[in-house]
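Following this message is one structure expressed as structure tokens.
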Amino acid sequence: MAATTDTEREGRWVVKASQGSRDAINPVRGFEENLFKDALKARRTDIEFIKLSIGDTTALPVHPAVPEAVKKVLELGGCTGYGHSRGLPETRAALARLYSPFTLDPRGLTAEDVIMTNACSGALETCLTVLTEPGQNILVPSPGFGLYSCLAGSRGIKCHFYRLQADRGWEADLADLERQIDSETAAIIVNNPSNPCGSSYSKQHLLDILAIAERHRLPIIADEIYAWMTFPGSEFHMLSSLSETVPILSCSSLSKRYMVAGWRMGWIIVHDRQNAFRDEVIPGLARLATKVLGPSTLVQAAIPDIISKVPEDYHQKNLSLFHRNALHIMEILGPAPGLFPVMPRAAMYHMVVIEMKHFPEFQSDVEFTKALVIEQSVFCLPSPAFNTKDCFRIVLGCAESKIQEACNRIAAFAKLHYKE
Ligand SMILES: Cc1ncc(COP(=O)(O)O)c(C=O)c1O
């Protein structure tokens, strides 16, 4: 028998995975798909299971103009081939028109400033890839959307978490944010309106964040997937509409505003008033776009119709449901012992702070929310999904009667386990 060479191996097949794949840990998906498996198996089954864990958009109706737009593309028989790697020119031009009122750049925006991506997740990944080197760090909000640490981890980038303050409408602690910056910081992620907090920042607060970015010459990745999704009486400001200098990559998608998360259609809008991105970042984004040649051209081609034909009252109807659900949560959980729901102003989420010292049976909010699943058949996501502690998130996208029923059960659970 021939001797085994260096490259020959024997025995059971074991193929190694990369470090990047080992560090691609999405805490939201971890809780949703794995870590609650036992609790979900052990849950009470004599009452309806109420799932308020994931911002799933299928609970809400899609406006008929949205599938109509895709049908039209199909009927025209087009879009079966590859598109431009950065996206279809007409689609990018339509998005440039949509976002043009929100830039201070007198040149406005053109199709050249838009890159189509695989949903907002793909947009965020592309932005991180173009702006960071392994070993560097990015500033990430806490509480914040769990995907940021997953994307950073898989690229060998560290997250420096800056604190958001529950008692100040989840505004960033600006001193803490600035303290997190060091010589290896590559960018700041600002998520406004926020998942999981449901906050929408004032103009002044955004100007304060921009001033820090300006002082340290740091670009901002603005996750604005919930743009315009504010509740009555609340303000929303697109970050790019407030700065003439800070380079901003704004990320968004069809997922939440049009309730078609499964279509995985997103984009990056490049705001580069001072040409800071011109020499390296813009060519880098263009090269990265050639890696996968953009998202589905079928859905891309439908975007001009989708954004022009879905009426504003469709969005307002959804937002009014989220708002009413948030008010139900305040009414029912506000008086519940040991729980402090923080009224959201936007998006589709409601955070509830837990005073853990009053629930000594549970070591953490993860144990608290697992017991809630088992005893009350209500599933909310605990705080590690958002890189924070002592709170849980309720998703607002469901029928009012369901939210009320869930809150009554959460309040009963809190009463039962609360200790002075
Ligand atoms: C703040 C935030 N950013 C990005 C995403 C990802 O969106 P998409 O489904 O378009 O990838 C989500 C989804 O929940 C989100 O809440």
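Would you work out the relative contact order for region 24-154, in percent, from Cα pairs under 8 angstrom that are 6 or more residues apart?
Values: 64 pairs, mean separation 46.3, N = 131.
Result for region 24-154 is 35 percent.
Then there is this: Output ³J(HN,Hα) for region 292-297: one whole-Hz value per residue in order, computed from phi by the Karplus curve 6.51 cos²θ - 1.76 cosθ + 1.60 with θ = phi - 60°, and x for Gly and Pro.
Going residue by residue, I get 10, 6, x, x, 2, 5 Hz, with x marking Gly and Pro.
A follow-up question, please. Rounded, prolate or oblate, given the Cα gyration tensor of region 1-115, with a/c below 1.5 counting as rounded?
Oblate shape, in that a/c is at least 1.5 and b/c is the bigger or equal ratio.
Taking the dipole about the Cα centre of region 77-309, with the C-beta of Lys and Arg at +1 and of Asp and Glu at -1, give me whichever of 118, 78, 262 is farthest to the positive side.
In region 77-309, that residue is 78.
Sticking with this one: Students often get this wrong: which residues of region 150-167 have the backbone nitrogen under 13 Å from the point 7 angstrom along Cα-to-C-beta of residue 24?
150-156
What order do 340, 36 take when sorted by accessible area (1.4 Å probe), most exposed first?
Ranked list, largest accessible area first: 340, 36.
Looking at the chain, send over the antiparallel percent of its DSSP beta bridges, to the nearest 5.
Working: 25 of 44 bridges.
Close to 55 percent.
Multiplying the sequence separation of residue 100 and residue 80 by 0.36 nm and subtracting their Cα-Cα distance, what value in nm do you get?
4.2 nm
In deg cm²/dmol, rounded to 500, what helix-only [θ] at 222 nm does the chain give when every DSSP H run of at least 4 residues adds -39500 (n - 2.57) and the total is split over its residues?
My calculation for the chain gives -11000 deg cm²/dmol from helical runs alone.
Further question: Most fluctuating residue of 230, 58, 297 in a GNM of the chain with Cα springs under 10 Å: which is it?
58
Pairs 203/419; 41/317; 37/419; 203/256; 41/291; 51/415: which exceed 30 Å Cα-Cα?
Flagged as over cut-off: 203/419; 41/317; 41/291.
Solvent-accessible area per residue for region 77-309 at a 1.4 Å probe radius, Å²?
Heavy-atom SASA per residue in region 77-309 reads 38 Å².
Same structure, new question: Can you tell me which lysines have their Cα less than 22 Å from the Cα of residue 158? Leave out same-chain residues fewer than eight positions away.
Filter leaves 389.
Leaving ligands, DNA and RNA out of it, report the carbon-plus-sulfur percent of the accessible area of the chain at a 1.4 Å probe.
53 percent
Run the simple label-point estimate for residue 58 and residue 10 please: 7 Å along Cα→C-beta, distance reported in nm.
5.0 nm
Zone of residue 44 (label point 7 Å along Cα→Cβ, backbone N under 15 Å): which residues in region 393-411?
Answer for this model: 405-411.
Now, a different point. Among 84, 237, 323, which one shows the biggest mean-square fluctuation in a GNM of the chain, springs joining Cα atoms closer than 10 Å?
84
Something else now. Which value, in Å² rounded to 10, gives the accessible area of residue 292 with a 1.4 Å probe and all protein chains present?
110 Å²
Rounded to whole Hz and in sequence order, give me ³J(HN,Hα) for region 210-219 from the Karplus expression 6.51 cos²θ - 1.76 cosθ + 1.60, θ = phi - 60°, writing x for Gly and Pro.
Here the 3J(HN,Hα) series is 4, 5, 5, 4, 5, 4, 9, 6, 10, x Hz.
How high is the relative contact order of the chain, in percent, counting Cα pairs under 8 Å that sit 6 or more residues apart?
Once divided by the residue count of the chain, the mean separation gives 24 percent.
I need the fraction of alpha carbon pairs in region 77-309 separated by more than 21 Å, rounded to a whole percent. Spell out each step's value before the answer.
Working: 14453 of 27028 pairs.
Here the tail beyond 21 Å accounts for 53 percent of pairs.
Follow-up question, since we're still on this one. Connecting C-alpha atoms closer than 10 Å in a GNM of the chain, tell me which of 112, 224, 312 has the biggest fluctuation.
312
Enumerate the whole-percent occupancy of each 10 Å bin, from 0 to the last occupied one, for all C-alpha pair distances of the chain.
Per 10 Å bin, starting at zero, the Cα-Cα P(r) for the chain comes out as 4, 21, 30, 25, 14, 5, 1, 0, 0 percent.
Let me make sure I get this right: for region 279-356, a, b and c are the square roots of the gyration tensor eigenvalues over alpha carbons, sorted descending. Under 1.5 in a/c it's rounded, otherwise prolate if a/b > b/c, else oblate. Which is it?
Oblate.
Mind putting a number on the dipole of the chain about its Cα centre? Charges go on the C-beta only, +1 for Lys and Arg and -1 for Asp and Glu, and I need it in Debye to the nearest 20.
Values: 43 positive and 47 negative charges, 126 e Å.
Rounded to the nearest 20 debye, it is 600 debye.
Name the shape class, rounded, prolate or oblate, that the alpha-carbon gyration tensor gives for region 152-274, where a ≥ b ≥ c are the square roots of its eigenvalues, rounded holds for a/c under 1.5, and otherwise prolate holds if a/b is larger than b/c and oblate otherwise.
Working: a/c = 1.42, a/b = 1.22, b/c = 1.16.
Taking the square roots of the gyration eigenvalues as a ≥ b ≥ c, region 152-274 is rounded.
The values are calculated or read from the model by the stated rules, or taken from the named source; none is laboratory data. Here the structure is a predicted model, which means the values were calculated and not measured. All Cβ positions, even for glycine, are placed from backbone atoms using ideal geometry, and neighbour counts span all protein chains on display. Note: areas computed on protein heavy atoms with side chains; ligands, DNA, RNA excluded. Shrake-Rupley method; radii C 1.70, N 1.55, O 1.52, S 1.80 Å.
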